[in-house]
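Working notes for the structure below.
Since every read-out is calculated from the coordinates, none of them should be taken as a lab result. Because the structure is predicted, anything quoted here is derived from the model rather than measured. Note that each Cβ is placed from the backbone with ideal geometry, even for glycine, and that neighbours are counted across all protein chains shown.
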């Protein structure tokens, strides 16, 4: 086991492709596997901001939704026939949204950040709800076509569930590779320095707000790409894509899997979606079970599943020793006691 | 559109009632945040439970007034348990953890309410003495809504007296300024935190019982109002009780007047107010910049 | 407990289990033949769980009746119920699973218009027949409509025309509309405005409220200042209950008549006779119509016998939609979509409430609509409405085939 872990640690990207190449054959049905990949990418975007930069966003539905509507509107309303152009449109829109919302939210730090991101995402939800001539309003955006994808000059059909899954795998795998590049770059190091100690990073001369904003934009872009893929997958964009419960879902996925770990988001998305799929067979009250499990994780396993596994194996390399974002919490005024 | 002083006045009055519920919720949130630096995400679920427990006590005793007192007390008790067993173990960890935990708790409580009381929702009738409408000169206004305004005013004054005139209130106020010194004076702060969390939850419960005869009782009733209450707290200034009151009433009036002049904007305006306040005065009306970041 | 075992059975049980269990109920069915599978996504969880439970109960009843008579084409019918959580994304996902994994032959279901659209997109692509059993204007109109889309429920256009014209004739000509600000509410509002124009009534004002609003008081001063005869509350579910209740507490009921275009039994039961006293509304089915219509009596009795409660409108849609589809399969002598579609188009039937028919161009089911008044002295739990009007089915209440984009 330790060996396998070390292998994954040394070659995360090939490992990702190997695992997910066989994944659709081990889950009950392929549509579920596709959902795991898409939500895994969404959680990955969230994790960049929370796990690596230390900013808890409760409004990531905004970027997932912007990506979904960007892609959906481009393909369904503007008559664009290139899937890539559609996905790019969603990604750009979500990144731009990340810049705007990030700018506003970063005016306040700390715990405000979560509440502000939540409120701005809700604002966007209501705006989307009312702009029904673009978004379809409460009925959702319909009529997103399933177009063949241009791959190296060849147009490939992605109509069957399995073909669509592998198409998503290619896109998500590329995104994962890009994220790895970002984290390995000097910028990635600064992000983690900010998470560990914002004041020290600032003292080192980094423009902390700008770096955070950039992290917000990247995070939004990843979430937006996931949203775009989800639009292609469902062929509709429901308005509740933008609703705050979507944000809550991604928070739960990232934390279950392990915030601040590289593969945690995919593990979390997989566990969450499969848990939902299985539990909803036995009980209509499955959110109660999921909520209780989530509480237990926050209380007892803050590193999440993957974080704990990696922590146990102490294999270093891939994630380093994983840590949840550490901004010490002590009730007001006692912080002098807690840390000098 | 017919538009005269009487109509406008009735509009302001309805806005006042909307505001009172925000005030009660924001007071509880702000009190807990001011002392414990905990954002209680399950505040909306406590509001919902307040309504259900109020209904339960009402069914048991057939007396609205008992329900009005007992349900918030039960919620306060639940608040004590929550602080002691769920929130306290997280002190010293990431500042986000209590928020995440109470988020999970809110999911559990909503689902539990569905399980225990059913999905359909319940009707909570106002007490017979307050069932009718009162002639205010410019309009007929439900007596119960006037009572809600009065009850909120009483609670706000009582809370103010408690914080300003009692020893315990003094300790709480001192604790928000510098807990280290308070502790050095030999005061058991753990107990104070426990109590404040309980009071905050009791206020949410009271808001729930008061709202129930107007809006009905159903499992999802606290889901969106908690987000609006966050906005109220941010606009008023986190941790500021005066801010919670002013911002709560302001948001209530803004919503009411927007409903009158531009009804399509009614659900967005709350968030627009927040965006504007944030751009102009990031710490909110009465917040101290940088104190709790 | 019943729901759990049934759903577990449906999900976990493979074909073998299904065949064995169902066979004991109907010995005439040939063993070994694969059952006809019908996917049934409805929002079992979420705020309309009660309506969804009615839909599920009625569809189950229809399937049991059909299996009891030997199934369809000598094959068993299997109903695969899924929870769409009232979320379009989940509805789409569950439908994908039904199509991909269970290889269902048909899909029936949906409660919210948005979920219907999401299901419809999936079935359209898979070329599988979908019978929608809840209100929507778009689903019968191009571009959402497809040859595989059928609509057993009526829609906001028909509802507002029928209920609106009845209210204008019987309650007064000065109308005020409060509508929930989303497709359903807006479509009802447009319909009321159109009817008012045609019949010489005036719409004094039409104000929106947010979907899911908890407080309606801020809307009332304008309404009261306008002094209408009739206040139409063009909303649904919890919004309907809360707006009626708060209108009552502000004394609006003594100043004007209240009309709820889609009058829900669940909301009326939750609110009680006092809150709803004197409120009018429309429906496609209330069990009391069985006093005059034999099929309605048969349906209500069978439902009551099985579930110990009478069926309401959404149960009716589900029951009728299920039978409509399966009996068309029997007539077509195949499950092939094209032939079943041919058997459905223009078909006239009466399963639970009198004559209905499927219009060929848009696959809309035309049916009678009833006007109800809430009962004050309620004698039993489900004795909640008086039937005060019946408007006979007619295509004149619906948009023309051309308006809907069908050539």
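Quick one: work out the % antiparallel among DSSP beta bridges in the protein assembly as shown, nearest 5.
Values: 24 of 58 bridges.
Antiparallel bridges: around 40 percent, rounded to the nearest 5.
Peptides A:159-171, C:352-364, A:63-75, C:79-91: what's the order by average Cβ count within 10 Å, highest mean first? Mind dumping the intermediate values first?
Working: A:159-171: 17.6, C:352-364: 20.4, A:63-75: 30.8, C:79-91: 25.2.
Top of the packing list down: A:63-75, C:79-91, C:352-364, A:159-171.
Over the protein assembly as shown, what per residue volume does the convex hull of the Cα atoms give, in whole Å³?
Working: hull volume 173.5 nm³, N = 1040.
That works out to 167 Å³ per residue.
Out of every Cα-Cα pair that segment C:50-131 contains, those further apart than 23 angstrom amount to 22 percent. For the residues C:396, C:257, C:103, a GNM of chain C with alpha-carbon springs under 10 Å puts the largest fluctuation on C:396. Debye sum, Cα scatterers, chain C, no solvent: what log₁₀ I/I(0) at q = 0.12 1/Å? So the normalised log intensities are -0.92.
What is the average number of partner chain Cβ atoms found within 10 Å of a Cβ in A:251-260? Could you put the intermediate results ahead of the total?
Working: counts 5, 4, 0, 0, 5, 0, 0, 0, 3, 0.
Per residue, the number of nearby Cβ atoms from other chains is 2 on average.
Ranking of B:238, C:256 by neighbouring Cβ atoms within 10 Å, starting from the fewest: C:256, B:238. Peptide B:185-194 has a mean of 1 when you count, residue by residue, the C-beta atoms of other protein chains within 10 Å of its C-beta. Counting Cβ atoms of other protein chains within 10 Å of each residue's Cβ and taking the mean over peptide C:241-251 gives 5.
Normalised by the number of residues in chain B, the average gap of Cα pairs under 8 Å and 6 or more apart makes the relative contact order 37 percent. Residue exposure proxy: B:120, B:221, ordered by other Cβ atoms within 10 angstrom of their Cβ from fewest to most, comes out as B:120, B:221. Principal axis analysis of the Cα atoms in segment C:109-208 yields extents of 48, 23, 20 Å, listed in decreasing size.
Beyond 15 Å, what share of the Cα-Cα pairs of segment B:224-293 remains, rounded to the nearest whole percent?
Details: 1221 of 2415 pairs.
Above the 15 Å cut-off, segment B:224-293 has 51 percent of its Cα pairs.
Taking all Cα-Cα distances within chain A, those exceeding 37 Å account for 15%.
Highest mean first, the peptides A:293-304, C:159-170, A:224-235, A:121-132 sorted by other C-beta atoms within 10 Å per residue fall in the order A:224-235, C:159-170, A:121-132, A:293-304. Ordering B:187, A:8, A:101 by the number of other Cβ atoms within 10 Å of each residue's own Cβ, fewest first, gives B:187, A:8, A:101. The mean sequence separation of alpha-carbon pairs under 8 Å and at least six residues apart, normalised by the residue count of segment C:294-351, gives a relative contact order of 31 percent.
Given q = 0.09, 0.11 Å⁻¹, what are the Debye log10 I(q)/I(0) values for chain B, with equal point scatterers placed on the Cα positions and solvent ignored? Here the Debye-derived log intensity ratios amount to -0.44, -0.66. Protection proxy ranking of A:248-261, B:101-114, by the mean of other Cβ atoms within 10 Å over each peptide's residues and highest first, is A:248-261, B:101-114.
In percent, what relative contact order does segment B:224-293 have, based on Cα pairs under 8 Å that are 6 or more apart in sequence? Spell out each step's value before the answer.
On the way: 73 pairs, mean separation 27.6, N = 70.
It rounds to 39 percent for segment B:224-293.
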